[in-house]
Amino acid sequence: MTKQTDQFIADQTKDPIVQRNTCRISWEEFAIYKSDREFYNKISPTFAGQKFAIPLPTLSPKERKKRRFMFRNERKLYKRKCDATGKSIVSIYSPDKSFKVYDQAYRRSDSRDPMDYGIDVDFSKTFNEQFNSLYITVPRLAVLATQNENSLYVNGAAYNKNCYLIFASDYNEDTLYADNTSHCQDVIDSSNSKKCTNSYQLIGCTNCSNTQYSIDCHDSYNLISCFDCKNCQFCFGSSWLRNKQYYFQNQAYTKEQYESLLQEHLQNNTPWYLSSRHDAIYRASYGLNNEKSYGNYINNCKDSVNIYSATELENCKHIINAEQCNNCQDSYVIIENSTLCYENVSSIWLHHCCFTFGCWNKNSDLYYCDHCQWCKDCFGCVWLRNKQYCIFNKQYTRDQYETLVAKLITHMTQTGERGEYFDPKYAPFGYNETIAQDEFPLTQQEAISLWYKRQTNNYDPEIPAWTQTLTRDQIPTQTKDVSDNILDKIIICEISHRPFRITQQELQFYKKHNIAIPRKHPDVRHEQRNTLKPYRELFLRNCDKCSTQILSVYPEAHTGKVYCDDCYQKEMG
């Protein structure tokens, strides 16, 4: 964010900027607010009678986010062998990774105690070196998924049924190619959507049915290529409608006229998302019932800044995908009563935890831990359950633990590791395998110049010599003309030239809804949806209606008109 944006936030929140630091990677300046110092002081732990202050960050909020994201592979799945049973499994870890990766069922039944892998603290090595030596020896789950039925190819997913290639998504049925989608049924190609049915290519939609190629639509049905429509039915190519039906490109028609126009259009054109229009009206950011809170897609939040896709947050900053959190900062996916947390990823119900990944279920006072559950007072531990006073998966008494942690923190301060997330050179994935690539795309050369790891091996399935491939022009235009033998063929993506197949489940869906067979690989479709999402960044600009200075996720250069909340509500009625 710019200095002007930082100052605007300080003025609006009555939270003065106390200093500005320069990011040691991007060289961009970033603000330290009074509330930041208070937060770091509040979460600073005490060991052996000494308080160890969490140092002020040396990385900007953007670079801190990028570093956390480098540790989370959401969408890349590979076939590899289970290192315990030798059977073929689906995993987020490619075959070239050095980790021991176990099948879900075997890993959970494995009787070996993670404490068996414990190591002693060695002050001749850095913390990250020691943690990594432990990290790569403890067997890991192939994917992070639980309570799914007939849903093998998923990750970060729970309570799904008959789903395929969905990620960070829960409580779905018959849903394919989706991310951050929940409580949906019969939906294909969806991002950030909830409670939708019989729909295709959705972004940020809620409670919609029979809807296609639509963004930020709610409580509607039978929409095609619509944007920001609410409580609407039978609309095509329209934006910002409320309580309307039979609208074609924002013009009202009779039912008969609408159906004739729609049929004519669909005979000659493939529907797609609405492009940005010069006369389009955008809300500066989306949210309901918020108090002194700034971000996008946020509801019932108070005194929270730079937050996205969040509900019921208070006194939080720099957070994405969160629910019910208080006094937390710099986290991605943190939910269910988490408090006093800093620099966490994939977290559930944490208290006073810093620099963790995948720690769930009532953990407290964890530091630099990975995939621990029901633990407290642990430092640098991996995959522990119901443990206390452990360092590098070794058990200590309370006094031993506090004395040794105090020495270890002092050591980390001397090595320059104190107060930052895990070193990215120890990330378990290549940059291009992680959500960092989604949020901050880098070319191979750009990633290498920053010393980030990159996955260069190609694990796309080999095409058998006897299998027929199809290019775009070889696929019938009309779905009714597509025979079931397409299931035995491989389609070559028209953009990436990567191979992919159509499943029986999705072919039935396309025929039911008269949707053209995709010509693009699922990853390409995902990338194209990402380009249509607003930035997860705040920009200082003027309302295009009343000229009031506002914060928005749309910069001044954005095509279309951006209105403050008051002007937007008046315009929309």
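The table for this structure:
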item: All positions within the stretch 316-344 that are of a type in the set (A, V, I, L, M, F, W, C) and assigned to a strand (DSSP E or B); result: I319, I320, A322, C325, C328, V333, I334, I335, L340, C341
item: Every residue from the stretch 127-144 that is in contact with a Gly (Cβ under 9 Å, 6 or more places away or on another chain) and either in a loop (DSSP other than H, G, I, E, B) or small (G, A, S) (or both); result: V143, L144
item: Test: residue in the stretch 357-369 that is small (G, A, S), at pLDDT 95 or above, on the phi > 0 side of the Ramachandran plot and part of a loop (DSSP other than H, G, I, E, B); result: no
item: Selected residue (only one of R385, R398 is surrounded by fewer than 16 Cβ atoms within 10 Å (Cβ to Cβ) and within 29 Å of the chain's Cα centre (by Cα)); result: R385
item: Residues located in the stretch 406-449, provided they are touching a residue at least 24 places away in the same chain (Cβ under 8 Å), over 30 Å from T46 (Cα atoms) and hydrophobic (A, V, I, L, M, F, W, C); result: F429, I435, A436, F440
item: Any hit, the stretch 116-123, residues being in contact with a His (Cβ under 6 Å, 6 or more places away or on another chain), assigned to a loop (DSSP other than H, G, I, E, B) and touching a residue at least 24 places away in the same chain (Cβ under 8 Å); result: yes
item: Residue in the stretch 53-64 that is under 28 Å from the mean Cα position of the chain (by Cα), farther than 18 Å from F422 by Cα and of a type in the set (G, A, S) present; result: no
item: Residue pairs meeting the criteria (Cβ under 8 Å; at least 6 apart or on separate chains; first under 17 Å from E402 (Cβ atoms), in the stretch 359-374; second among the basic types (K, R)); result: S364/K376; D365/K376; L366/K376
item: Residue match in the stretch 4-26 (condition: in a strand (DSSP E or B), in contact (Cβ under 8 Å) with a residue 40 or more places away in the chain and among the aromatic types (F, W, Y)); result: no
item: Pairs where the first residue, in the stretch 225-241, is surrounded by fewer than 23 Cβ atoms within 10 Å (Cβ to Cβ) and the second is among the basic types (K, R), C-beta under 6 Å, 6+ apart; result: K230/R242
item: Residue among H513, H497 that alone is of a type outside the set (D, E, K, R), surrounded by fewer than 18 Cβ atoms within 10 Å (Cβ to Cβ) and without any contact (Cβ under 8 Å) to a residue 24 or more places away in the chain; result: H497
item: Filter result for Q388 (polar (S, T, N, Q), out of contact with any helix residue (DSSP H, G or I) (no Cβ under 7 Å at 6 or more places or on another chain) and in contact (Cβ under 8 Å) with a residue 12 or more places away in the chain); result: yes
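The values are calculated or read from the model by the stated rules, or taken from the named source; none is laboratory data. Nothing here was measured: the structure is a model prediction, and the numbers come from that model. Cβ: placed from backbone, ideal geometry, glycine included. Neighbour counts: every protein chain shown.
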